[in-house]
1. If a residue must be part of a helix (DSSP H, G or I) and closer than 18 Å to Ile13 by Cβ, how many such residues does segment 126-161 contain?
2. Identify the single condition in (1) at pLDDT 95 or above; (2) touching an Asp or Glu at 6+ places or on another chain (Cβ under 9 Å); (3) over 17 Å from Leu135 (Cα atoms) that Thr40 does not satisfy, given that it satisfies every other one.
3. Out of Ile228, Ile245, report the one residue that is under 24 Å from Gly7 (Cβ atoms), modelled with pLDDT of 85 or more and either surrounded by 11 or more Cβ atoms within 10 Å (Cβ to Cβ) or not assigned by TED's automatic domain parsing to the domain that holds Phe78 (or both).
4. In the list Ala216, Ala199, which residue meets the criterion of being buried (at least 18 other Cβ atoms within 10 Å of the Cβ) and either farther than 30 Å from Tyr22 by Cα or modelled with pLDDT of 90 or more (or both)?
5. Output the residues belonging to segment 192-203 that are touching a Gly at 6+ places or on another chain (Cβ under 7 Å) and in a helix (DSSP H, G or I).
6. Inspect segment 181-191 for any residue being farther than 21 Å from Ser280 by Cα, part of a helix (DSSP H, G or I) and of a type in the set (Ser, Thr, Tyr) and give the result as yes or no.
7. Look through Gly218, Gly202 and report the one residue that is in contact with a strand residue (DSSP E or B) (Cβ under 6 Å, 6 or more places away or on another chain), under 20 Å from Asp149 (Cβ atoms) and in contact (Cβ under 8 Å) with a residue 24 or more places away in the chain.
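The values are calculated or read from the model by the stated rules, or taken from the named source; none is laboratory data. For clarity, every value in this text was computed on a predicted model and none was experimentally measured. We place every Cβ from the backbone using ideal geometry, glycine too, and count neighbours over all the protein chains shown.
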Amino acid sequence: MIVVTAGKKYLDIDAYASMLAYRELLRATTNEEVFAFSTTKVNQTVPPILRKSKYQLDKMVNTADANFILVDVSNPDFFDTFVDTGRILEIIDHHPGYEGYWKNHTAIKSQIETIGAVCTQIYERFVNADRTDLLDKDLRKLLSAGILDNTINLKSKITTERDHRAYSELLKIGNLGQDWHKEYFRACENEQFKDLKGAILGDMKAEWVSPLLPEAIGQIILFNREDINNEILSEVFSEYDKWIINVISLEDGRSYLYCDGKETKKGLEKLFGIKSNYDSLVVLDDFILRKELLKRAIGF
């Protein structure tokens, strides 16, 4: 038996779609029983238009004899609670930091690389297996949404030609229409504002990577940030002394890095080599993804 799963902190559309799609590919190309499940709830990057897909996560089963495939996570501290690291078959991820660690575990296949979305890597598995016939409209919507979300509509700096190609091919063969990206992002924003605090905390990254950044780093993608302010964010992050949230505004293509105060702001100013006129906000000329922010801090 094989269980495809992801991290225990949050389950975004990239992980969610990758789990479901890879399960379907493995079911069609192996003789194994294959399940995809998680102890973590999906967040608002998986809106109702995708949660109503015919592809759903499986109910948990006994994993005593299971082997595991991890997607969208490579730090063992963040593996789902039921994962036995001694029975991992494969790790597929696009977050930096653990490439060398898993290369030393030669019995485990690992594909950890700088690319926009794990959904791109999973789509390529279908291509390499010559099984794109398995990609019906629902799977194409799921995979393309994962690419859209993790690359910010294919405009982030970490977007690769592979991401562009995968999205273009999914759009074409899925007959999704040229406005699919608008439909997806609008659906996400509607979900986020139903419970803004839950949306932010449900996608929280709580991991120390650099003295320039606090451990708690949130991210939210909006068409327009006009309803976001420090008063709202202070309430959201009330349980954290130090925090940052990357508010990506698609309308003007900028990142608004709100934070807890001047001390944290100084770290951001140093990281980006800029000065801010605000006490707890740094505005970038372009937008940056949280994973890019973390990578920049690690390499600073």
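1. 16
2. Exception for Thr40: condition (1).
3. Among Ile228, Ile245, only Ile245 is under 24 Å from Gly7 (Cβ atoms), modelled with pLDDT of 85 or more and either surrounded by 11 or more Cβ atoms within 10 Å (Cβ to Cβ) or not assigned by TED's automatic domain parsing to the domain that holds Phe78 (or both).
4. Going through Ala216, Ala199 in turn, just one is buried (at least 18 other Cβ atoms within 10 Å of the Cβ) and either farther than 30 Å from Tyr22 by Cα or modelled with pLDDT of 90 or more (or both): Ala216.
5. Ile200
6. Yes - at least one qualifying residue is present in segment 181-191.
7. On inspection, the qualifying residue turns out to be Gly218.
Per-residue answers, yes or no, for (1) crowded, with 17+ Cβ neighbours inside 10 Å; (2) more than 20 Å from Ile152 (Cα to Cα):
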| residue | (1), (2) |
| --- | --- |
| Cys259 | yes, yes |
| Lys265 | yes, yes |
| Leu268 | yes, yes |
| Leu271 | yes, yes |
| Asp279 | no, yes |
| Asp285 | no, no |
| Leu293 | yes, no |
| Gly299 | no, yes |
